[in-house]
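S.K.: Just passing along the structure, written as structure tokens.
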Amino acid sequence: MAPLADLYQVSMAYGHWRAGRHRCPAAAELFFRRPPFRGSFALGAGLAEGLRGLRAFRFSAADVAYLRSVLPSTTDDAFFDYLATLDASEVTVTAIPEGSVVFPRVPFLQVKGPLLVVQLLETTLLCLVNYASLVATNAARFRLLAGPDMKLMEMGLRRAQGPDGALSASKYSYIGGFDCTSNILAGKLYGIPVRGTIAHSFVMSFRCLEEVQPRELLPLAGGDPVDLADLAVSWLQRVCDLLQTPPSKASQGELAAFVSYAVTFPCDFQGLLDTYCVRRSGLPNFCAVALALHQLGYQAIGVRLDSGDLAQQSKEIRKVFRACEAHFQVPWFGTIPIAVSNDISEQSLEQFRREVRNLLAQLGCHPGDASRAEMSPGLSLGSEINMIGIGTNLVTCPLQPSLGCVYKLVEVNGSPCLKLTEDEEKMTIPGMKAIYRLYDAAGHPFMDLMALEEEPSPSAGQELGIRVLGRLEETTKVIPTTVEPLHRTYFRDGQVCEPLPSVPEVRTHAQVSLNLLNPVHRRLHEPQPYPVAVTERLHRLFLELRQGSH
């Protein structure tokens, strides 16, 4: 597979080759400078795809022929012959496990190998990690807002940036904490649970019950087939009497669509309620068909809303379901799951929280109870909503369309390198490093520490003198309760050398990693910045290189 590379990387590769420096040992790091979405963290993702790209790294004859056509005609033919021999057999990659929480300036992965190859890999790795980590982080934020019990469905295929973007969005949204996707190709490729029912177009395609074919359904327990359309009509009258709404206001086309779908999927019937009027049509029609199915031994699996005041409508729908349960003696009816969609964003979920908090305040709850309810996963989105479908605002990441990962050389030919710039944020931290996560007595990580690779590992209970990035002028003393080395070696000698977890395993690891965070670092708005530090020895190296460059 030809590398995803920018032309300037091939031009630099030629410069290294011409200078005889192409085989100099080198090291680079991939990291981001600022946390996305004004939070404090990101979820590292895309590692497995990056490793697969490394394993397949090579230039085919067609690739080399194309490069001949775009590089200057004065380029030495022997350089193209050399490109045809390249692979990643001399590359070593260490990285933080995929799905881990990562913080600004901390290398997600480190790459060692011949200088020419290390530089050619830059865009490939950035392309595979940048969006993956961004959308996984966006998904994690939705999960934190929704709480652990809410079902979240990714449904952004039609809104994503092309088919590749859509597949990546489905995969990394699942890693970030979503439960399922509407994208059947993502389900096939990655083993993600797939969900979906009907759209408004299905409902709108029916005009009357005469269009329903077939109409009959066998009772679940066996027996003679029953005309489900006729049974639903009889139930509609009873439901409308209970709700005190005239049956004539319920759309016959909508009822026909529900009956047709129920005959086709009697064990998986779910109604889309808002094609017409929810209260006068969608809701009574759904109840009628669901009760008809119940009479034949089947159980409806839910409803979906796609417009209007979702939180308020969900409360009204739940009230009707409970009334039907009590009146018609159907014990499961009051708990029929309610799903919502309709351009859901972080702001939408926060609005649901505010509505619940205001409702509790109106009921006379103590302000502290209302505040706790706002943070409580079970109440934060309104107790009547069971599933949320999110598309555009998940897969396109409109609050921040790029994570901004960078890939920087830190060592060449055994000598640490440092990028100096007037923008202090863009200065790099030199040398090959070991990365440690320091934990407090409560089990929360409180700092990530970068040390030179050859330094002794810090120990639990040991007092450490460190320099926190952003406050390098002063030494800080910390005593970690636990010390965790973050990087593992994943790629060596042209092969992946660490077993890669499955997508569900990465998803589980991501939730564990998020749950370990202190709430002050995990909160989504105005979080406390997470400290990242360097050892005194690494700080001295930084100062020496900076002073030597002036």
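S.K.: Placing unit charges on C-beta atoms (Lys and Arg positive, Asp and Glu negative, everything else neutral), compute the dipole magnitude of the chain about its Cα centre in debye, rounded to 20.
M.R.: So the magnitude is around 520 debye.
S.K.: Check VAL226: other-chain or 5+ apart residues with amide H under 5 Å from its amide H, H built from backbone geometry?
M.R.: Hits under the 5 Å cutoff: LEU217, LEU218.
S.K.: Quick check: at a probe of 1.4 Å, how many percent of the accessible area of region 403-485 sits on carbon and sulfur atoms?
M.R.: Ligands and nucleic acids excluded, carbon and sulfur give 47 percent.
S.K.: Quick one: work out the % antiparallel among DSSP beta bridges in the chain, nearest 5.
M.R.: Of the beta bridges lying entirely in the chain, close to 70 percent run antiparallel.
S.K.: In the full protein assembly as shown, how much of PHE491 is accessible to a 1.4 Å probe, in Å² to the nearest 10?
M.R.: PHE491 has an accessible surface of roughly 0 Å² with all protein chains in place.
S.K.: Using a 1.4 Å probe on the protein heavy atoms only, what accessible surface does GLU536 show? Give it in Å² to the nearest 10.
M.R.: Only protein atoms counted, so the area is about 40 Å².
S.K.: Next question, about the same structure. Whole-Hz ³J(HN,Hα) for each residue in region 63-76, computed from phi via Karplus 6.51 cos²θ - 1.76 cosθ + 1.60 with θ = phi - 60°, x for glycine and proline: what do you get?
M.R.: My calculation for region 63-76 gives 4, 5, 4, 5, 4, 4, 7, 10, 7, x, 5, 7, 5, 5 Hz in order.
S.K.: Roughly how tilted is helix 536-548, in degrees to the nearest 10 and between 0 and 90, from the longest Cα axis of the chain?
M.R.: Approximately 60 degrees, to the nearest 10.
S.K.: For the Cα atoms of the chain, what angle does the longest principal axis make with the long axis of helix 252-264, in degrees from 0 to 90, nearest 10?
M.R.: The answer is roughly 70 degrees.
S.K.: Largest first and in whole Å, give the semi-axes of region 115-238's equivalent ellipsoid, each being the square root of 5 times a Cα gyration tensor eigenvalue.
M.R.: Gyration-tensor ellipsoid for region 115-238: 45, 16, 14 Å.
S.K.: Once both axes come from the Cα atoms, what is the angle between helix 283-295 and the longest principal axis of the chain, in degrees from 0 to 90, rounded to 10?
M.R.: 80
S.K.: With every protein chain kept in the model, how would you rank LEU409, LEU157 by accessible area, 1.4 Å probe, largest at the top?
M.R.: LEU157, LEU409
S.K.: While we're looking at this one, here's another question. Along the charge dipole of region 148-395, which of VAL226, SER168, ASN285 sits closest to the positive end, that is, farthest toward it, with unit charges on the beta carbon of Lys, Arg, Asp and Glu (+1, +1, -1, -1)?
M.R.: Towards the positive end, the residue furthest out is SER168.
S.K.: Test of the criteria: in region 421-460, which GluC sites (Glu not before Pro) are in a DSSP loop and have at most 11 other Cβ atoms within 10 angstrom of their Cβ?
M.R.: GLU422, GLU454
S.K.: Provide the percentage of antiparallel DSSP beta bridges, counting only those with both residues in region 148-395; round to the nearest 5.
M.R.: About 10 percent, rounded to the nearest 5.
S.K.: Leaving out ligands, DNA and RNA, and with a 1.4 Å probe, what % of the accessible surface on region 148-395 is carbon or sulfur?
M.R.: Ligands and nucleic acids excluded, carbon and sulfur reach 53 percent.
S.K.: Once you have a ≥ b ≥ c as the square roots of the Cα gyration tensor eigenvalues for region 148-395, tell me rounded if a/c is under 1.5, and otherwise prolate or oblate according to whether a/b is larger than b/c.
M.R.: Cα axes put region 148-395 in the oblate bin.
S.K.: Also, I was wondering about something else. Are there trypsin sites (Lys or Arg not before Pro) in region 119-199 that DSSP marks as loop and that have at most 15 other Cβ atoms within 10 Å, and which are they?
M.R.: none
S.K.: Could you give the distance between the Cα centres of region 417-469 and region 118-134, to the whole Å?
M.R.: One Cα centre to the other: 23 Å.
S.K.: Using the heavy atoms of the protein chains and a 1.4 angstrom probe, tell me the accessible area per residue for the chain in square angstrom.
M.R.: 44
S.K.: Also, quick follow-up: My understanding is that a pair violates if its Cα-Cα distance is over 23 Å; which of LYS171/LYS433; LYS171/LYS426; LYS112/LYS408; LYS151/LYS315; LYS171/LYS315 do that in this structure?
M.R.: Distance filter (> 23 Å) returns LYS171/LYS433; LYS171/LYS426; LYS171/LYS315.
S.K.: Calculate the FRET efficiency for LYS319 and GLU526 from the Cβ-Cβ distance with a Förster distance of 25 Å, rounded to the nearest 0.05.
M.R.: 0.10
S.K.: Additional query: Using a 1.4 Å probe on the protein heavy atoms only, what accessible surface does SER73 show? Give it in Å² to the nearest 10.
M.R.: Its accessible surface works out to 120 Å², give or take rounding.
S.K.: Then there is this: Spelling out what I want: for every residue of region 521-527, take phi, set θ = phi - 60°, compute 6.51 cos²θ - 1.76 cosθ + 1.60 (Karplus), and round to whole Hz; glycine and proline get x.
M.R.: Per residue, the Karplus-derived 3J(HN,Hα) values read 8, 7, 4, 8, 10, 6, x Hz.
S.K.: Using 0.36 nm per residue of separation minus the Cα-Cα distance, give me the extension gain between ALA361 and ALA65 in nm, one decimal.
M.R.: 99.5 nm
S.K.: Among THR137, THR85, LEU120, which residue has its Cα furthest toward the positive end of the charge dipole of region 52-192, with +1 on Lys/Arg Cβ and -1 on Asp/Glu Cβ?
M.R.: Working it through, the farthest residue towards the positive pole turns out to be THR137.
S.K.: May I ask for the distance between the Cα centers of region 144-206 and region 498-535, given as a whole number of Å?
M.R.: 23
S.K.: Dipole of region 148-395, Cα-centred, from +1 at each Lys and Arg C-beta and -1 at each Asp and Glu C-beta, to the nearest 20 debye?
M.R.: Here region 148-395 has a charge dipole of around 320 debye.
S.K.: Continuing with this model, one more query. Okay, helix-only estimate at 222 nm for the chain: each DSSP H run of n ≥ 4 adds -39500 (n - 2.57), divide by all residues, round to 500 deg cm²/dmol; what do you get?
M.R.: The helix contribution divided over the chain gives -12500 deg cm²/dmol.
S.K.: If one puts a single equal scatterer on every Cα of the chain and applies the Debye formula without solvent, what log₁₀ I(q)/I(0) results at q = 0.08 Å⁻¹?
M.R.: Once normalised to I(0) and log-transformed, intensities are -0.66.
S.K.: Which ³J(HN,Hα) values, rounded to whole Hz and listed in residue order, are derived for region 314-319 from phi using the Karplus coefficients 6.51, -1.76 and 1.60 in 6.51 cos²θ - 1.76 cosθ + 1.60 with θ = phi - 60°, glycine and proline given as x?
M.R.: Those phi angles translate into 4, 5, 5, 5, 4, 4 Hz.
The values are calculated or read from the model by the stated rules, or taken from the named source; none is laboratory data. Just so you know, these numbers come straight off a predicted model, no measurement behind them. Every residue, glycine as well, gets a Cβ built from its backbone with ideal geometry; the counts of neighbours run over all protein chains shown. To get the accessible areas, we keep the full protein, side chains included, count just its heavy atoms, and leave off ligands, DNA and RNA. Shrake-Rupley method; radii C 1.70, N 1.55, O 1.52, S 1.80 Å.
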